[in-house]
(Lines give C-alpha, C1' and ligand atoms only; values in the text may rest on other atoms or scores of the structure.)
Protein backbone atom coordinates (compact mmCIF):
# COMPACT_ATOMS: atom_id res chain seq x y z
CA UNK A 1 0.00 0.00 0.00
CA UNK A 2 1.30 3.43 -0.92
CA UNK A 3 0.79 5.44 2.27
CA UNK A 4 2.23 8.66 0.89
CA UNK A 5 -0.19 8.54 -2.06
CA UNK A 6 -3.15 8.10 0.29
CA UNK A 7 -1.98 10.82 2.64
CA UNK A 8 -1.31 13.21 -0.22
CA UNK A 9 -4.77 12.74 -1.67
CA UNK A 10 -6.86 12.68 1.52
CA UNK A 11 -4.74 14.44 4.14
CA UNK A 12 -2.87 17.06 2.12
CA UNK A 13 -3.79 19.92 4.46
CA UNK A 14 -2.47 18.12 7.52
CA UNK A 15 1.06 17.85 8.78
CA UNK A 16 2.73 14.44 8.49
CA UNK A 17 5.68 12.56 7.09
CA UNK A 18 5.97 8.90 6.27
CA UNK A 19 8.06 6.17 4.82
CA UNK A 20 6.82 2.92 3.36
CA UNK A 21 5.10 1.47 6.43
CA UNK A 22 2.36 2.59 8.78
CA UNK A 23 4.84 2.53 11.66
CA UNK A 24 6.97 5.09 9.82
CA UNK A 25 4.04 7.54 9.66
CA UNK A 26 4.77 10.55 11.83
CA UNK A 27 1.64 12.61 12.51
CA UNK A 28 2.27 16.23 13.47
CA UNK A 29 -1.20 17.65 13.01
CA UNK A 30 -2.95 18.67 16.23
CA UNK A 31 -6.35 19.34 14.62
CA UNK A 32 -6.94 15.73 13.57
CA UNK A 33 -5.94 12.46 15.18
CA UNK A 34 -3.55 10.22 13.30
CA UNK A 35 -5.63 7.94 11.06
CA UNK A 36 -5.53 4.29 11.98
CA UNK A 37 -4.05 1.75 9.64
CA UNK A 38 -7.58 0.45 9.03
CA UNK A 39 -8.79 3.94 8.06
CA UNK A 40 -5.92 4.29 5.62
CA UNK A 41 -6.71 0.88 4.16
CA UNK A 42 -10.29 2.03 3.49
CA UNK A 43 -8.95 5.23 1.95
CA UNK A 44 -6.66 3.11 -0.22
CA UNK A 45 -9.69 1.23 -1.55
CA UNK A 46 -11.31 4.59 -2.31
CA UNK A 47 -8.13 5.75 -4.03
CA UNK A 48 -8.03 2.66 -6.26
CA UNK A 49 -11.69 3.13 -7.14
CA UNK A 50 -11.07 6.81 -7.97
CA UNK A 51 -8.11 5.91 -10.18
CA UNK A 52 -10.17 3.26 -11.98
CA UNK A 53 -12.99 5.75 -12.63
CA UNK A 54 -10.51 8.33 -13.94
CA UNK A 55 -9.09 5.80 -16.38
CA UNK A 56 -12.57 4.63 -17.40
CA UNK A 57 -13.62 8.24 -18.01
CA UNK A 58 -10.50 8.84 -20.09
CA UNK A 59 -11.27 5.77 -22.23
CA UNK A 60 -14.85 6.93 -22.72
CA UNK A 61 -13.72 10.40 -23.71
CA UNK A 62 -11.17 9.04 -26.18
CA UNK A 63 -13.85 6.94 -27.86
CA UNK A 64 -16.57 9.60 -28.01
CA UNK A 65 -16.16 10.24 -31.73
CA UNK A 66 -16.49 6.53 -32.47
CA UNK A 67 -20.10 6.61 -31.33
CA UNK A 68 -21.07 9.00 -34.11
CA UNK A 69 -23.66 7.59 -36.53
CA UNK A 70 -21.28 7.48 -39.53
CA UNK A 71 -18.31 5.87 -37.76
CA UNK A 72 -17.29 2.45 -39.19
CA UNK A 73 -18.09 -0.45 -36.88
CA UNK A 74 -20.03 1.89 -34.64
CA UNK A 75 -22.00 -0.99 -33.10
CA UNK A 76 -18.84 -2.55 -31.67
CA UNK A 77 -17.85 0.78 -30.15
CA UNK A 78 -21.30 1.32 -28.67
CA UNK A 79 -21.01 -2.08 -26.93
CA UNK A 80 -17.48 -1.27 -25.75
CA UNK A 81 -18.59 2.08 -24.34
CA UNK A 82 -21.49 0.43 -22.53
CA UNK A 83 -19.07 -2.12 -21.08
CA UNK A 84 -16.94 0.79 -19.83
CA UNK A 85 -19.99 2.40 -18.21
CA UNK A 86 -20.89 -0.91 -16.54
CA UNK A 87 -17.31 -1.63 -15.49
CA UNK A 88 -17.43 -0.02 -12.01
CA UNK A 89 -20.16 -2.47 -10.96
CA UNK A 90 -17.92 -5.48 -11.68
CA UNK A 91 -14.55 -3.88 -10.93
CA UNK A 92 -11.88 -5.62 -8.91
CA UNK A 93 -8.35 -4.21 -8.56
CA UNK A 94 -6.79 -6.86 -10.84
CA UNK A 95 -9.60 -7.00 -13.41
CA UNK A 96 -8.62 -5.53 -16.78
CA UNK A 97 -10.73 -3.00 -18.60
CA UNK A 98 -12.90 -4.21 -21.48
CA UNK A 99 -10.92 -4.75 -24.66
CA UNK A 100 -10.96 -2.04 -27.28
CA UNK A 101 -12.66 -3.09 -30.53
CA UNK A 102 -10.29 -3.63 -33.43
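The values are calculated or read from the model by the stated rules, or taken from the named source; none is laboratory data. The model shown is predicted, which means the values in this text are computed figures rather than measured ones. Neighbour counts run over all protein chains shown; Cβ positions are idealised from the backbone, glycine included.
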Quick one: what pairs do we get from the stretch 44-56, first residue over 16 Å from residue 10 (Cβ atoms), second surrounded by 14 or more Cβ atoms within 10 Å (Cβ to Cβ), C-beta under 6 Å, 6+ apart or different chains?
52/91; 56/84; 56/87
Residues that are closer than 30 Å to residue 5 by Cα, without any contact (Cβ under 8 Å) to a residue 12 or more places away in the chain and surrounded by 10 or more Cβ atoms within 10 Å (Cβ to Cβ), drawn from the stretch 60-73
62
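Conditions (1) in a helix (DSSP H, G or I); (2) modelled with pLDDT of 95 or more; (3) within 20 Å of residue 5 (Cβ to Cβ); (4) touching a helix residue (DSSP H, G or I) at 6+ places or on another chain (Cβ under 9 Å), marked per residue:
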| residue | (1), (2), (3), (4) |
| --- | --- |
| 46 | yes, no, yes, yes |
| 54 | yes, yes, yes, no |
| 58 | yes, yes, yes, no |
| 75 | yes, yes, no, no |
| 83 | yes, yes, no, no |
| 86 | yes, yes, no, no |
| 92 | no, no, yes, no |
Given the conditions (1) in contact (Cβ under 8 Å) with a residue 24 or more places away in the chain; (2) in a helix (DSSP H, G or I), every one holds for residue 97 apart from (2)
Qualifying positions in the stretch 21-54 - farther than 30 Å from residue 83 by Cβ, under 23 Å from the mean Cα position of the chain (by Cα) and loosely packed, with under 11 Cβ neighbours inside 10 Å:
21, 36, 38
In the stretch 2-13, which residue that is outside any helix (DSSP H, G or I) and out of contact with any helix residue (DSSP H, G or I) (no Cβ under 8 Å at 6 or more places or on another chain) is surrounded by the most Cβ atoms within 10 Å (Cβ to Cβ)?
11
Selected residue [modelled with pLDDT of 95 or more and within 24 Å of residue 8 (Cα to Cα)] from 26, 99:
26
